[in-house]
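Beneath this line is the structure, given in structure tokens, with notes to follow.
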Amino acid sequence: MTSLRTLLESQGFIRVPLKKLSTGHFQLNIKINRKAGVFILDSGASSSCICLDYINYFSLTAEETEIKASGAGAVDMETKVAKGNHLHIHSIEMKNCDFVLFNMTHVNQALAQAGEASVQGILGADLLKKFRAVIDYGRNCVYLKS
């Protein structure tokens, strides 16, 4: 019987380790515009997001938008968008990547209450779909294909 790892890697998927947090979220390290960041993987988040506090750190160009964000107990949050960024996850790269920018204080407060460190963003369903992500919950990893 072929393992999931063997099957996916034979088809060109890259295995990316995840850290399981006490909240049940998975955390991973990624780079945006060549700057390292800590993100949570959230397949329930429709868009990948970055905290407004990190606009300068990730060298993002923020544009105004009429879109409102909601989730994790917060609604009608003001957002901005950052287009055309360089994303690097493990050995996979994507140029021209867009992110929604919003205040993630509520997310990081929830993590802090569980004794976890804050994160700079969320890797959401938009990018997970583009990378044809397969999450292996039993082995704490995600497989991505560019």
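For the chain, what is the relative contact order in percent, using Cα pairs closer than 8 Å and at least 6 residues apart in sequence?
Numbers: 292 pairs, mean separation 45.2, N = 146.
It comes to 31 percent, rounded to a whole number.
Compute a Gaussian network model of the chain, connecting alpha carbons closer than 10 Å, and tell me which residue from Asn103, Asn56, Asn29 fluctuates the most.
Asn56
Averaged across orientations, what area in nm² does the convex hull of the alpha carbons in the chain project? Please list the in-between numbers first.
Working: hull surface 34.4 nm².
Here the figure is 8.6 nm², rounded to one decimal.
What number comes out for the charge environment of Pro17, summing +1 per Lys or Arg and -1 per Asp or Glu over other residues with Cβ under 11 Å away?
+3
Carbon and sulfur atoms: what percent of the 1.4 Å accessible area of the chain do they account for? Walk me through the numbers on the way to the answer.
Working: 3890 of 8150 Å².
Ligands and nucleic acids excluded, carbon and sulfur reach 48 percent.
Taking only protein heavy atoms into account and a 1.4 Å probe, give the accessible area per residue of the chain in Å².
Details: 8150 Å² over 146 residues.
Accessible area per residue, the chain: 56 Å².
Using a 7 Å offset from the Cα along the Cα-to-Cβ direction at both Lys19 and Lys145, what is the distance between the two label points in nm, to one decimal?
2.9
Looking at the range 74-141, which chymotrypsin sites (Phe, Trp or Tyr not before Pro) are in a loop (DSSP not H, G, I, E or B) and have at most 11 other Cβ atoms within 10 Å?
On the way: sites: Phe99, Phe102, Phe131, Tyr137; in loops: Phe131, Tyr137.
Taking the range 74-141 and a limit of 11 other Cβ atoms within 10 Å, the loop chymotrypsin sites (Phe, Trp or Tyr not before Pro) found are Tyr137.
I want the local charge near Phe131. Using Cβ-Cβ distances under 13 Å, sum +1 for each Lys or Arg and -1 for each Asp or Glu among the other residues.
On the way: positive: Arg15, Lys129, Lys130, Arg132, Lys145; negative: Glu93, Asp126.
Here the count lands on +3.
The values are calculated or read from the model by the stated rules, or taken from the named source; none is laboratory data. Bear in mind that the values here come from a model prediction, so they are computed numbers and not experimental data. Reconstructed Cβ throughout: ideal geometry from the backbone, glycine too, with neighbour counts over all protein chains shown. Keep in mind that these areas ignore ligands, DNA and RNA; they rest on the heavy atoms of the full protein, side chains included. Shrake-Rupley method; radii C 1.70, N 1.55, O 1.52, S 1.80 Å.
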